Amino acid sequence: GLLIFSNLPLVYNILNTNPQDANLLSNETLDELFIPEILENESEDPSNAIFSLEAKKGSKTFFQGINTPTYGYNGDFLGPVIRVNKGQNVTINVRNSLDEHTTTHWHGLIVDGDNDGGPHQMIKSDEIWEANFMIEQPAATLWYHPHIMDITGKQVYMGLAGLFYIDDEISASLDIPKDYGVDDIPLIIQDRSFDRNGNLVYDFPQNMMNDGMIGDIIMINGTVNPNFQIRKDLMRFRILNGSNANLYTIRISDNSTFYQIASDGGFLEKPVSLKELTLSSGERAEILVDFSSYTKGDVPSLVVNNNTALNFEIDDVENSSYAIPEYLTEVPRIDIEKASNQRAFRLQGMGNMVSINGKIMDMSRIDEFVSLNSTEIWEVTTVGQMMHSLGHPFHIHGVKFQVISRNDNPPPENEMGWKDTVMVYPAETVKVIMQFTKPGLFMYHCHNLEHEDAGMMGQFKVE
Ligand code: C2O
Ligand code: CU
């Protein structure tokens, strides 16, 4: 990990191909942090949920007086939060109003292959796809985004992504902030590049010095230079690294301690105290930050890769009713003796020269066959140590997994919970274990979206 941190600024500078253009557009003033809406449930029966999404073109003002053409779900950029309860039967109708094909994948959701929204569930322009599933997994912060062959990176970059929350009896009963938009705040972190006219620039030289689309402007929930008014209280942030290809190291500007309470697949067993947290593309974390000791006029901020990413304005209102919980939920470790099979995945290359086990994605080839309900250990290795490679965030569909080890060492405490995406740094081997409870055809891939689009993806069939 240390190697990567020291390389990061270097990579960042190299990728910033027009340094004199950087920050040409900037906001003089702070903008209020955008909080996505919670999508209306159209069902009257509480055991069901019915939602409508529409992928469409839009236009958004990121910089005063400049309109940027974008894509969004039900709006101009990003999408609403889909919020469901464990046990609910969910139907989502996704309309594609773009001029190009898309798909909508529920990242982290454990459903059968036909409802997963991967590359095979194509939604042609002007068509509607209906996804149906039952929510059977614990409370978690998941997300959704396109998963179309070759152009996932472009569609996400243009704005197609949204959060997907699952609630259950544990999330309801824990004494933690849960007032959406007030003390329970979604933070979708992304980076983008704009040209002089304010257009999003999805363009990167396809060479070995370039490892995916990394923009020079960090935005949160689509807001550039955001400001958020904070109570003097415990705040909960649900953070998604929604970037195409970047690693984000997150801290509070005064280096105060915060507490991670959830990883990709739900709550950790207990809060893990941290001073900084690194998330790779696709990973999520929920954190608690205590603002009760600040006074009005203090200006702490959320810092991402050493840039101020979110300014906090401390409010007068004192409302300290929460403490950091001692315990969150049980996360039973999967017994490695239960594994009936072990597979190895070698992640190789960078830029657009990437492969898994020497192969690039082919929709007509199934790479692995897995028995339904079996437990397996997958050993994922980033081969070699290429100069400017950050490594690969490895994501598996249709399951939630546990990290057994990183280079044979136990994972850090905040990686002891449920995961669906794990960063595999250069020259590292990460072992994960999981049970395959849903049948169908699923993807495993690098969540650097430019790597994914270049073919760093494979298919497995559970039957
Ligand atoms: Cu977040 Cu296969 O994707
Ligand atoms: Cu990769």
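Could you compute the longest span of the chain free of trypsin sites (Lys or Arg not before Pro) located in DSSP loops and having at most 16 other Cβ atoms within 10 Å, not counting the site residues?
It works out to 1-123.
Dipole of segment 336-462, Cα-centred, from +1 at each Lys and Arg C-beta and -1 at each Asp and Glu C-beta, to the nearest 20 debye?
280
Check the straight Cα-Cα distances from K275 and name the aspartates and glutamates below 17 Å, setting aside those fewer than 8 residues away within the same chain.
Once the sequence-local aspartates and glutamates are set aside, what remains near K275 is D254, E286, D290, E413, E415.
Let me make sure I get this right: for segment 31-172, a, b and c are the square roots of the gyration tensor eigenvalues over alpha carbons, sorted descending. Under 1.5 in a/c it's rounded, otherwise prolate if a/b > b/c, else oblate. Which is it?
Oblate, because a/c is 1.5 or more while a/b does not exceed b/c.
Computed FRET efficiency, Cβ-Cβ of N409 and E463, R0 25 Å: what is it to the nearest 0.05?
That gives a FRET efficiency of 0.10.
In debye, nearest 20: dipole of the chain around its Cα centre with unit charges on the Cβ of K, R (+) and D, E (-)?
The dipole of the chain has a size of about 980 debye.
Quick check: from the Cα gyration tensor, does segment 336-462 come out rounded (a/c under 1.5), prolate or oblate?
Because a/c hits 1.5 or more and a/b fails to exceed b/c, segment 336-462 counts as oblate.
With only alpha-carbon atoms in the gyration tensor, what are the semi-axes of the equivalent ellipsoid for segment 338-409, in Å, largest first?
23, 17, 10
Specify whether the C-alpha gyration tensor of the chain places it in the rounded, prolate or oblate class, a ≥ b ≥ c being the square roots of the eigenvalues: rounded for a/c under 1.5, otherwise prolate if a/b is larger than b/c and oblate if not.
Here the chain falls in the rounded category.
Using +1 at the Cβ of each Lys and Arg and -1 at the Cβ of each Asp and Glu in segment 336-462, identify which of I433, S371, M353 lies farthest towards the dipole's positive end.
Projecting each Cα onto the dipole axis, the largest value belongs to S371.
Just list whichever of K359/K400; K86/K232; K60/K86; K124/K178; K124/K431 have alpha carbons separated by over 30 Å in the model shown.
Correct reply: K86/K232; K60/K86; K124/K178; K124/K431.
Give the calculated FRET efficiency between D99 and S374 to the nearest 0.05, with a Förster radius of 60 Å applied to their Cβ-Cβ distance.
Result of the calculation: an efficiency of 0.90.
If I take every Cα pair under 8 Å that is 6 or more residues apart in segment 161-320, average their sequence separation and divide by the length, what percent do I get for the relative contact order?
Relative contact order of segment 161-320: 25 percent.
Any chance you could run the full-extension gain for E40 through E326? It's 0.36 nm times the residue separation minus the Cα-Cα distance, nm to one decimal.
Roughly 99.5 nm would be gained on extension.
Rounded to whole Å, give me the distance from the Cα center of segment 75-148 to that of segment 321-335.
Here the two parts' Cα centres lie 29 Å apart.
Give me the number: length gained by fully extending D362 to M134, i.e. 0.36 nm times residue separation minus the C-alpha to C-alpha distance, one decimal in nm.
Between D362 and M134, full extension yields 79.1 nm more.
Which of the GluC sites (Glu not before Pro) found in segment 27-101 are loop residues per DSSP with 15 or fewer other Cβ atoms within 10 Å of their Cβ?
E28, E37, E40, E42, E44, E100
Only the coordinates and a few stated rules stand behind these numbers; no lab work does. None of these values were measured; they are calculated from a predicted model. Heads up, the Cβs are rebuilt from the backbone with ideal geometry, glycines too, and the neighbour counts pull from every protein chain shown.
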